[in-house]
C-alpha cells in the first residue's frame with residue numbers, strides 16, 4: 001500500500017487579532033474555532049491568488065492544523081492550486097482520491113493528478129504512479145511501467161523509489177536482472193536511512209547477490225535497519241547472534257531482537273521465537289509459550305509454524321494447549337496494513 005504524503009507549507013508567524021472570540025450555536029455562546037496567525041496570513045495570500053498559500057490552506061483545512069478541519073474547504077483550496085499547476089496540490093489531490101479521503105475514492109482521478117504532479121517534477125507522485133502500475137491499482141499491472149516511474153523518482157533522489165527500483169533489478173522484474181546495479185540503488189536509499197533498503201542491502205551482502213558475500217556489511221546494514229524498527233532486520237540480527245556470524249554467539253541478544261520483531265506481528269520472528277521457547281535457547285524452555293508464538297505465526301499463514309505447533313501439541317497436555325491458545329488470543333494485534341503520513 002502506498003504511503004500517502006501530504007505537502008504542507010512552512011509559514012512565518014505574524015501577529016494577528018483573532019476575529020470572533022465566540023460564536024453562538026443554538027443560542028449558547030461557544031468559543032470560536034481557533035485560527036493560528038500562520039493560517040490567517042496564508043488565507044489572505046491564498047485569496048489574493050498565491051499558489052503556494054492556496055495549497056497550504058487546503059492542507060491545513062484537511063489536517064486541522066492551524067484551522068478547524070473542513071473537508072469542503074480542503075477540497076476547494078487544494079483544487080484551486082492544483083488546477084493552476086501547483087505540484088504539491090496536484091499530489092495532494094491525487095492522494096485524496098487514492099485513499100478516499102474527503103473525496104470519493106477514484107483511482108483514475110488519482111492517477112490523473114499524480115501525472116500532473118509528476119510532469120511538474122514531483123518525485124512522490126512519480127513514486128505513487130510506479131506503485132499503481134506495480135500493484136495494479138486502477139490499472140493493469142505493468143512492472144516495466146512501474147520501473148520506469150520508479151527510475152524517474154529515483155533519479156531525483158527519492159529513497160523509496162530507489163529501494164523499489166533496486167529490488168526490481170535484483171529480481172529481474174520489469175527490467176533486465178542486474179544485481180550489481182540493483183545493489184547500487186539500494187545503497188543510495190540505505191545511505192538516506194531507508195530501513196527497507198538497508199534490510200535488502202544487508203541480505204544481498206549475506207547472500208553474495210550483486211556483491212561479494214560479506215557478513216560484516218550484512219551485520220552493519222541489518223543493525224541500522226533494526227534500530228529503525230524494521231522487523232525483518234531485527235529477526236536477522238537475532239539469526240546472526242544465534243549462529244555467531246560476525247558477532248559472538250549470544251542467545252540472550254538473539255532473543256531480544258527476535259522478540260522485538262515478533263511483538264510487531266512479524267510471522268517469521270514469531271515462528272523463531274516459538275523455536276527458542278521450545279528448545280530453551282536463551283530462555284527457560286516453555287511449551288505453552290512456544291505454542292502461543294507458533295499459533296500467532298500460523299494465523300498469518302506461516303506453514304512451518306503450523307507444522308511445529310501440530311508436532312508440539314501432540315506432546316502437550318490438553319490444559320497446556322488451552323493455555324497456549326488463550327495467550328495467543330490475548331497477544332498484540334497484527335501490524336496495520338498501511339499508514340498515512342504528513343509532511
**Q.** Residues (touching a helix residue (DSSP H, G or I) at 6+ places or on another chain (Cβ under 7 Å) and assigned to a loop (DSSP other than H, G, I, E, B)) located in region 286-312
**A.** 286, 300, 302
Q. Mind checking whether some residue in region 129-142 is on the phi > 0 side of the Ramachandran plot, assigned by the TED database to the domain that holds residue 172 and out of contact with any strand residue (DSSP E or B) (no Cβ under 7 Å at 6 or more places or on another chain)?
A. yes
Q. Quick check: anything in region 63-77 assigned to a helix (DSSP H, G or I), at pLDDT below 95, under 26 Å from the mean Cα position of the chain (by Cα) and surrounded by 14 or more Cβ atoms within 10 Å (Cβ to Cβ)?
A. yes
Q: For region 111-146, enumerate the residues that are surrounded by fewer than 21 Cβ atoms within 10 Å (Cβ to Cβ) and under 19 Å from residue 177 (Cβ atoms).
A: 141, 142, 143, 144, 145
Q: Could you figure out which of (1) surrounded by fewer than 24 Cβ atoms within 10 Å (Cβ to Cβ); (2) touching a helix residue (DSSP H, G or I) at 6+ places or on another chain (Cβ under 8 Å) isn't true of residue 60?
A: (1)
Q.
If the requirement is being over 30 Å from residue 99 (Cα atoms) and modelled with pLDDT of 95 or more, which of these qualifies: 290, 297?
A. 290
Q | Where residue 319 falls short, out of the listed (1) modelled with pLDDT of 95 or more; (2) farther than 19 Å from residue 258 by Cα; (3) surrounded by 10 or more Cβ atoms within 10 Å (Cβ to Cβ) | A | (3)
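The values are calculated or read from the model by the stated rules, or taken from the named source; none is laboratory data. Keep in mind the model is a prediction, meaning the values are calculated, not measured. Glycine gets a Cβ as well: all are built from the backbone with ideal geometry, and neighbour counts include every protein chain shown.
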